[in-house]
1. Take the residue pairs 14/207; 112/202; 93/119; 124/207; 119/207 and return only those whose Cα atoms are more than 23 Å apart.
2. Could you let me know the centre-to-centre spacing of segment 84-111 and segment 141-156, using Cα atoms, in angstrom?
3. Students often check this: by mean Cβ neighbours within 10 Å, which of 140-150, 72-82 ranks highest, and how do the rest follow?
4. Starting with the fewest neighbours, write out 56, 107, 96 ranked by other beta-carbon atoms found within 10 Å of each beta-carbon.
5. Just order 108-121, 194-207, 35-48 by mean Cβ neighbour count inside 10 Å, highest at the front, would you?
Amino acid sequence: CLWTLTAIIKEILKDPVLTKEGVLKKLLAPLDAVLEGFYNAILFHHFDCHHYTSPYSEAAANLISFIDLLEALLASRTELELPLRCQRVLFWKVSYVLNLISLSIPYVIKKKLILLLKKCVLHKSREDARSGSVSLQGLPSCEDMLALSSAVLQVVSLTWLNQIPLDEKSSYFGSSEPAPGDDPQGGSDQTVLRALSLVVLKALEFKIYNSTAEAEIK
């Protein structure tokens, strides 16, 4: 059960006594390939918008539970010297998440996915904390952020942002005009607006940093 696994990971992370790295490895290592397979299946191969017309459907509830699990896996990265594949797949295949956000699915799911992206760009791994000013190139955190940043900037260069609603009923990102039938007095979701802006800015910042670091090495 996704909910049960998420709850266990959260309890491990909260426990001040446990040796978290060892416990998390014992829990997640046997599930590594399975969880990566779930990611591919749930967010891409078997995804069908027709099952997500209502935020109260069973499919929507299961997807929300899986997003909660991804958040827990992201948080658990800090405790491991080298992250597992199931903790990295969100970065490698973030295009699945970006695609879902642009599809016709309930706003509550879009918002959770956008906030998950925000957590990704703000995430600090163990090697980040230890390295200080040392170059992170070649480390998992650098490779993962580079993959995420490249994917985000690629879709932003197209029309992805224009497909992102800032409210359940409001106008779309980058538009000052309310959508037909909307209340012109209704404001946009500032949480989503800030999160989207941060994701784009952080992706751009990392790409610039990485390009500068590569130039210095050469």
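Bear in mind these aren't lab numbers, they're just calculated from the coordinates by the rules spelled out. Nothing here was measured: the structure is a model prediction, and the numbers come from that model. So basically every Cβ, Gly included, is an ideal-geometry build from the backbone, and we count neighbours across all protein chains shown.
1. Beyond 23 Å between Cα atoms: 14/207.
2. Value for the Cα centre distance between the two parts: 13 Å.
3. Result, highest mean first: 140-150, 72-82.
4. Placing the least packed residue first, the sequence is 56, 107, 96.
5. Highest mean packing first, the order is 108-121, 194-207, 35-48.
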